[in-house]
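The values are calculated or read from the model by the stated rules, or taken from the named source; none is laboratory data. Keep in mind it's a predicted model, so treat the numbers as computed, not measured. Cβ placement follows ideal geometry from the backbone for every residue including glycine, while neighbour counts extend to all protein chains displayed. The accessibility values were calculated without ligands, DNA or RNA, using every heavy atom of the protein model including side chains. Shrake-Rupley method; radii C 1.70, N 1.55, O 1.52, S 1.80 Å.
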Amino acid sequence: MLTRSEIRTYLTATGPAQEELFAKARQLREEHFGPTVILRGVIEVTNVCRVNCDYCPMRRDNTRDNDRYFMSSNDILERAGAIQKAGIDIILLQGGETPRNLAAIEDVIPRIRELFDGRVEILLNLGNMRRGQYEHLRNLGATSYILKHETSDPRLHETMRHESLDDRLQCVRDLLDLGYRVGTGLISSLPGQTLDSIVDDIELAGTLGVHMCSVSPFVPAPNTPLQIAPAGSNELALNALAALRLHRPELLIPSVSALEKTSSGGQSRGLAAGANVMTVNFTGETDRQRYLIYGKDRFVVNKQYVEDLVRASGLQTRGSVFLDLEAATNTPVGAGSCLRCTS
Ligand code: SF4
């Protein structure tokens with residue numbers, strides 16, 4: 001683990017100091033995971049959201065103008081079949097925060113498990129819910145959950161998301177308590193964010209007890225209150241990613257598409273900075289155009305691109321580490337086993 005002052009110093013690293021930081025991060029990734037990158041397949045199930053984040057084109061205030069969609073459970077299952085054919089064993093179901101697609105999610109989880117004969121990690125990224133809802137999804141077969149804290153500064157969180165950080169963190173604790181493998185995440189370079197606040201983000205990822213954490217540079221998206229704000233710095237995001245790897249080497253850390261959106265070659269540099277997860281997009285063409293994560297002009301990651309990038313980085317793709325752990329310990333994924341010590 002790093003001290004606050006070490007994290008802060010790493011965040012501003014440039015030139016040889018940055019290269020040294022990245023090399024240390026790669027070495028720790030190698031020690032904990034070998035030369036591998038975990039592949040996920042994502043299906044974006046709806047673009048409707050009840051939340052009103054200032055940086056997101058799918059925010060509540062845009063609902064009326066956006067071309068809304070909700071995928072049916074049959075459509076989700078069909079896309080899950082495409083992920084299976086691609087040889088990927090992590091299905092990420094991601095969408096805006098709305099109860100309106102919950103029935104489809106509840107219906108499809110057991111069907112996906114059946115499709116994969118149980119050997120699948122079902123990872124959800126569907127926002128805040130009541131503990132009982134998380135428990136129900138867990139009982140249906142969901143294994144992991146991404147709920148990013150975005151920023152650990154309570155005031156900035158409230159300003160950017162119009163939601164309470166405490167509520168978000170309570171959801172993270174509920175998920176952990178229910179036996180989910182949990183991912184959090186931060187946005188760097190948010191307007192109004194300080195360097196110390198990013199140090200707090202990294203420390204929070206360490207203390208929450210989560211298994212995964214992402215770092216995304218802020219992207220000023222069209223049709224949002226922050227559309228004219230300056231784009232986030234990829235260098236800062238990459239330094240934060242590498243510092244996170246040094247601080248908590250056992251975390252799964254994705255190289256996110258926002259890095260590529262902000263700067264060409266960004267995802268490759270994410271791997272060079274110690275990331276070990278990549279997500280391939282399996283949303284159907286029409287819905288993908290309507291999933292306005294950074295506006296219409298988004299960078300869509302396909303499998304060939306990921307395979308080429310991983311190979312060029314001297315790494316190999318692999319499947320879910322949680323499923324391997326389950327097989328090694330004969331313990332269902334998320335049922336209390338420890339990723340680090342397999343006990
Ligand atoms: S970032 Fe997520 S929670 Fe916020 S408005 Fe967009 S879809 Fe909703």
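Beta carbons closer than 6 Å, at least 6 apart along the sequence or on distinct chains, pair a first residue in the stretch 71-95 that is farther than 16 Å from R290 by Cα with a second that is hydroxyl-bearing (S, T, Y) and not in a helix (DSSP H, G or I) for D89/S320; I90/S320.
The lone criterion from (1) open to solvent by 70 Å² or more (accessible area, probe 1.4 Å); (2) part of a helix (DSSP H, G or I) left unmet by I76 is number (1). Evaluated against (1) touching a strand residue (DSSP E or B) at 6+ places or on another chain (Cβ under 7 Å); (2) polar (S, T, N, Q); (3) open to solvent by less than 10 Å² (accessible area, probe 1.4 Å); (4) farther than 15 Å from C53 by Cβ, N239 falls short on exactly one condition, (1).
Would you check if V42 is more than 16 Å from the ligand (Cβ to nearest atom), buried (at least 17 other Cβ atoms within 10 Å of the Cβ), within 27 Å of N125 (Cβ to Cβ) and at pLDDT 95 or above?
Numbers: more than 16 Å from the ligand (Cβ to nearest atom): no; buried (at least 17 other Cβ atoms within 10 Å of the Cβ): yes; within 27 Å of N125 (Cβ to Cβ): yes; at pLDDT 95 or above: yes.
No, not satisfied.
Taking the numbered list (1) surrounded by fewer than 23 Cβ atoms within 10 Å (Cβ to Cβ); (2) part of a loop (DSSP other than H, G, I, E, B) in turn, L190 passes all entries but (1).
Residues of the stretch 45-60 that are open to solvent by 30 Å² or more (accessible area, probe 1.4 Å) and more than 19 Å from Q289 (Cα to Cα): R50 alone.
Among the residues of the stretch 130-165, write down those that are more than 27 Å from G319 (Cα to Cα) and either over 21 Å from the mean Cα position of the chain (by Cα) or open to solvent by 30 Å² or more (accessible area, probe 1.4 Å) (or both). Outline the logic, then answer.
From the stretch 130-165, those more than 27 Å from G319 (Cα to Cα) are 130-133, 151-165; that's our starting set.
Result: R130, R131, G132, Q133, D153, P154, R155, E158, T159, H162, E163, S164.
Quick one: in the stretch 79-101, which of the residues that are within 16 Å of the ligand (Cβ to nearest atom), part of a loop (DSSP other than H, G, I, E, B) and of a type outside the set (D, E, K, R) is nearest to N62 (Cα to Cα)?
Our first condition is that a residue be within 16 Å of the ligand (Cβ to nearest atom); within the stretch 79-101, this holds for 92-101.
Pick out the ones that are also part of a loop (DSSP other than H, G, I, E, B) and you get 96-98.
From what is left, the residues that are of a type outside the set (D, E, K, R) are 96, 98.
Details: G96: 12, T98: 14 Å.
Residue satisfying both the conditions and the ranking: G96.
When the stretch 42-91 is filtered for residues that are of a type in the set (A, V, I, L, M, F, W, C) and touching a Cys at 6+ places or on another chain (Cβ under 8 Å), the ones remaining, listed by number, are C49, C56, M58.
Listed by first and then second residue, the pairs with beta-carbon distance under 8 Å, at least 6 apart or on different chains, first residue in the stretch 56-70 and under 17 Å from V45 (Cβ atoms), second in a helix (DSSP H, G or I) and open to solvent by less than 30 Å² (accessible area, probe 1.4 Å), are Y69/D287; F70/N101; F70/A104.
Y55 meets each of the listed conditions (1) in a helix (DSSP H, G or I); (2) within 14 Å of the ligand (Cβ to nearest atom) apart from (1). Going by what's in this entry, would G118 be described as out of contact with any helix residue (DSSP H, G or I) (no Cβ under 7 Å at 6 or more places or on another chain) and away from the ligand (no atom under 13 Å from the Cβ)? Against the criterion (out of contact with any helix residue (DSSP H, G or I) (no Cβ under 7 Å at 6 or more places or on another chain) and away from the ligand (no atom under 13 Å from the Cβ)), G118 qualifies.
In the stretch 193-202, how many are among the acidic types (D, E), open to solvent by 10 Å² or more (accessible area, probe 1.4 Å) and within 16 Å of T159 (Cβ to Cβ)?
Just the residues of the stretch 193-202 that are among the acidic types (D, E), to begin with: 196, 200-201.
Right, trim to open to solvent by 10 Å² or more (accessible area, probe 1.4 Å) and you get 196, 200.
So of that shortlist, the ones also within 16 Å of T159 (Cβ to Cβ) come out as 200.
Residues that pass the stated criteria total 1.
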